[in-house]
Each structure stands twice: as C-alpha cells, then as structure tokens.
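Everything below concerns the one structure shown next.
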Amino acid sequence: MQEDYQSREQKLWQISEKILLKIWKNRVSSIERDYEDNGLSYENEFIEEMHKLLTRWEERYGCQNKNLKYIIISLLNSGVITRSYEMQVALFDEKLYADENPMCFYWVPEFLYKEVERDMNRYEEEASKEIIRLRKYEVNEIRRRYVLCHAYISMFFLDKAVKRLTELPVWERLRSEDIKILYGTYMEKMVEIGREG
C-alpha cells in the first residue's frame, strides 16, 4: 500500500511539473508585460501604503528610544489557503518577532496573483486526464507550490519598489545604517532586498 502511495505521489509530481511548467512560462511572460506597462502604478500603490505605515511608526515611537530595525515582507500561508494571496508588511525593532502584534499592513500584489485560479483550473483539467481521481488535497498542495513560484518573482518587483522608499521624507527620518528589509515566508529564512549596489 505504501508503495502505491509513493508511486502515485511520484507520478503526481512528474505530471504536475510538466503541466505547470508550460503554464508558468506563459504566466511569467504576461506578468512581465503587465509590469512593464503598469509597474509604476503598482510601485506607487506599495509606496503609498509604506508611507502610511512608516508615518504611524514615527507618530508612535518617534520620540522614544525604539528604532526601526526591520521591515519584513512575508507571503502568508493563510493567504494561500484562503486564496487571497495576502502579504504582510511589518515593522520591527531589534527584538524582531518578539512583538506579537507588529505594526503592519496587508497587501495583495494583484498583478502577480490575478490568474492563479485560472491557471489552476487549467492544471486540474489537464492533470485529470493523466491522474485518476485527482484529489482536492493534492490540488491544494500543487496550488501552494505554484503560488510560491509567484512569491519568488514578487521578490524582484518588490526589490524595485522598496528602493523607492528614499522618496519618502519619513523614511529618511527613520532609517538607520543597519536597517534591513527582508522578504520571505513568515518566520522562516528571509532574503534581504532593496540594497543598493
């Protein structure tokens, strides 16, 4: 029985990889074209939300000895489950995750995720021709992995957007030499973005 399960799982991943790779190549191209046409407005939307968040930090902690040390941008697992594809953008001092209720906002880069459900419908249609009784939990795991592909490329777009924080006077007042902007899955390994050079 265990062997049958492993054989099915291996077949599922092989078929899924083949189907999704074809879908993903088309999707990346359309995301890139969309960003070329509308990237400035997407960046402006993000910068506007960052301005509000940084202003709240300054109003709350500006006169206190609580320095902004980290900006953490995270894809939320709950956003994958609910299919909202929300990201959390949170501010932290040197204690990082010690603050259970960080100052944050939730943001969906819709230009990245707007076609996920269409892609997954196409995936299910094609995969069900090769996989007998494709199960909902299997499709959900494939969706999770497919969304992670989107999250990886969102890092490149967000890297461009966070470099524009220098346009905000509040950023210039709050930032320090050792501030880090980190991107990744919440409370897991992060990658620093927005560095010049």
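In whole Hz, what ³J(HN,Hα) sequence does the range 166-171 give by Karplus (6.51, -1.76, 1.60; θ = phi - 60°), x for Gly and Pro?
Karplus-based 3J(HN,Hα) across the range 166-171 equals 4, 6, 9, x, 5, 5 Hz.
For the charge dipole of the range 34-115, defined by +1 on Lys and Arg C-beta atoms and -1 on Asp and Glu C-beta atoms about the Cα centroid, which residue among Asn77, Trp107, Tyr97 has the Cα displaced farthest towards the positive pole?
Tyr97
Could you work out how far the C-alpha centroid of the range 23-48 sits from that of the range 73-107, in angstrom?
22 Å
Let me know the charge dipole size of the chain about its Cα centre in debye, to the nearest 20, where only the beta-carbon of Lys, Arg (+1) and Asp, Glu (-1) is charged.
Charge dipole of the chain: 400 debye, to the nearest 20.
Got a number for carbon plus sulfur as a percent of the chain's accessible area, 1.4 Å probe?
That fraction is 48 percent.
Within 10 Å, at most 15 other Cβ atoms, and a DSSP state outside H, G, I, E, B define an exposed site. Report the longest part of the chain free of exposed trypsin sites (Lys or Arg not before Pro).
In the chain, the maximal stretch lacking such sites is 1-65.
Which value, in debye to the nearest 20, gives the size of the charge dipole of the range 37-88 about its Cα centre, when Lys and Arg are +1 and Asp and Glu are -1 at the Cβ?
400 debye
Leaving ligands, DNA and RNA out of it, work out the accessible area of Met190 with a 1.4 Å probe and give it in Å² to the nearest 10.
40 Å²
Mind scanning Lys114/Lys180; Lys11/Lys189; Lys66/Lys180; Lys11/Lys136 and naming the pairs with a C-alpha gap bigger than 23 Å?
Among Lys114/Lys180; Lys11/Lys189; Lys66/Lys180; Lys11/Lys136, the Cα-Cα distance tops 23 Å for Lys114/Lys180; Lys11/Lys189.
Tell me which GluC sites (Glu not before Pro) from the range 83-149 have a DSSP coil assignment and no more than 12 other beta carbons within 10 Å of their own.
Glu94, Glu100
Tell me the relative contact order for the chain as a rounded percent, counting alpha carbon contacts under 8 Å between residues six or more apart.
This gives 27 percent for the chain.
I'd like the antiparallel share, as a percent to the nearest 5, of DSSP beta bridges with both residues in the chain.
70 percent
Just to confirm, what accessible area per residue do you get for the range 1-148 at 1.4 Å probe, in whole Å²?
60 Å²
The values are calculated or read from the model by the stated rules, or taken from the named source; none is laboratory data. Everything numeric in this text was worked out from a predicted model, so none of it was measured. Cβ sites come from the backbone with ideal geometry, for glycine too, and all protein chains shown count toward neighbours. SASA here: full protein model, heavy atoms, side chains in, ligands and nucleic acids out. Shrake-Rupley method; radii C 1.70, N 1.55, O 1.52, S 1.80 Å.
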